[in-house]
Amino acid sequence: MQPGFDHTLVSLRAPASFAAEQFQALRLQVERLRSVRDVHVLAISSPGLGDGKTVTAINLAAAHAESERVLLIDADLRRPSIGARLRLSDADASGPGLADALSNHQLELTDLVRQVDDIPFAMVLAGAPSTPVHELLRSPRLDHLLQDARRQFDLVVVDTPPMIPVTDAVVLARALDGVVVVVSANDTPRKLLEESLNLLDASKVLGIVFNRDHRPLYGYYNGDYRTRFAKRRPT
């Protein structure tokens, strides 16, 4: 990774922090879902831009990677951002990605997966689309690659595009086990959320995550209990 510190990636940079604990709570909810239904490939999406889906996907992948083999896939082929968020070097970010393998039958999952020092999960970056994205995502190659991912990893987290600007996330959802929808608390319009949920098969919606909600969930969060979380400086 290149030098730098992204304060939003708390599960990676400050795992003992209060903020990181919120992603541990989300991890617990996902684990409960997986105990009662087959949720192996999990999408993270949002109604619109800027709701925090990519940050949520990275932090959730890091939280699960403490005890599981996790693969994070950047399936936002139009506006990929996982590499930039993780500040990957040019060397770490080079090579084929998901879009390349969807159009090239010679590429397999092992050609796409990359491991980077200091990042506890494996990654597949978006790659460079050579044909219209909506056609790529309808390719039977997607199911093939995801089946390989199911065999090789305990959990696959897929960062998808937002649902309202383009239909990519809805197309992707058909090949995935479920979708967690991220909304920006007190910011994402209710109508936009409703439109997004109506686009998805109801059985695919696993839950809604409210991002940037600074109100305490319980009274002690803003009191003495919160001060007991370790304060760690960026390294």
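The values are calculated or read from the model by the stated rules, or taken from the named source; none is laboratory data. Given the structure is predicted, the values throughout are model-derived calculations rather than measurements. All Cβ positions, even for glycine, are placed from backbone atoms using ideal geometry, and neighbour counts span all protein chains on display.
Values as computed for the structure displayed
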{"read-out": "Matching residues, the stretch 18-39, being under 18 Å from residue 120 (Cα atoms), in contact with a helix residue (DSSP H, G or I) (Cβ under 6 Å, 6 or more places away or on another chain) and either surrounded by fewer than 17 Cβ atoms within 10 Å (Cβ to Cβ) or charged (D, E, K, R) (or both)", "value": "24, 27"}
{"read-out": "Near pairs, Cβ below 6 angstrom, 6+ apart or cross-chain, from the stretch 142-171 (more than 19 Å from residue 200 (Cα to Cα)) to any residue that is acidic (Asp, Glu)", "value": "154/68; 155/68"}
{"read-out": "Selection within the stretch 71-85 - buried (at least 17 other Cβ atoms within 10 Å of the Cβ) and touching a helix residue (DSSP H, G or I) at 6+ places or on another chain (Cβ under 7 Å)", "value": "71, 72, 73, 74, 75, 77, 82, 83, 85"}
{"read-out": "Spans of strands (runs of 3 or more DSSP E) in the stretch 133-224 with at least 1 residues modelled with pLDDT under 90", "value": "178-184, 205-211"}
{"read-out": "Cβ-Cβ under 6 Å pairs, at least 6 apart or on other chains, the stretch 13-36 side of a type in the set (A, V, I, L, M, F, W, C), far side loosely packed, with under 13 Cβ neighbours inside 10 Å and part of a helix (DSSP H, G or I)", "value": "18/226"}
